[in-house]
1. For region 18-48, which positions are part of a loop (DSSP other than H, G, I, E, B) and closer than 13 Å to A8 by Cβ?
2. Here are T22, T41: which of them is in contact (Cβ under 8 Å) with a residue 40 or more places away in the chain and within 13 Å of the chain's Cα centre (by Cα)?
3. Could you look through region 54-74, keep only residues that are outside any strand (DSSP E or B), in contact (Cβ under 8 Å) with a residue 24 or more places away in the chain and closer than 26 Å to R6 by Cα, and pick out the one that is most open to solvent (accessible area, probe 1.4 Å)?
4. Restricting attention to region 78-88, which residues are at pLDDT 95 or above and either small (G, A, S) or within 21 Å of Y39 (Cβ to Cβ) (or both)?
5. May I ask you to say which residue of Q51, Q26 is open to solvent by 70 Å² or more (accessible area, probe 1.4 Å) and not hydrophobic (A, V, I, L, M, F, W, C)?
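The values are calculated or read from the model by the stated rules, or taken from the named source; none is laboratory data. Everything numeric in this text was worked out from a predicted model, so none of it was measured. Cβ atoms come from the backbone with ideal geometry, glycine included; neighbour counts cover every protein chain shown. In case anyone asks, the SASA skips ligands and DNA or RNA and just uses the protein heavy atoms, side chains included. Shrake-Rupley method; radii C 1.70, N 1.55, O 1.52, S 1.80 Å.
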Amino acid sequence: MSKNYRAALSACLGDPVDGNPTGVMQEAAFAACGLNWRYLTIRVKDGELPQAFAGMKAMDFSCCNLTMPHKLDIIPMLDELTKAAEIIGAVNTVVCAEKRGFNTDAAGFMGMLQGS
């Protein structure tokens, strides 16, 4: 079997994102797990999400995280939302191929409150 040099792609989309450290943390986690994945921090201006998401699907991105101002704007572009995303009415994580949206904010917040 030949070596696959094509990395799986993931990203954070938002504006502003220049001060967002998520990419450093994600890349370190990928490396620690031996995964050939890349995490890009991409500035996507308000109103440009449809083009950005179409481009990500065309480039076979695996997933993305969304920050402001896109957590609501992504919803019409998705085929499915998890129950948490439906209840909260916002999406912060998308599996691109499935066009499935998640919201992990509440679970993370509750975990913090519970000390886990």
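1. Passing the criteria: C33, G34, L35, N36.
2. The match here is T22.
3. M59
4. Scanning region 78-88 gives L78, A85.
5. Checking each option against the conditions leaves just Q51.
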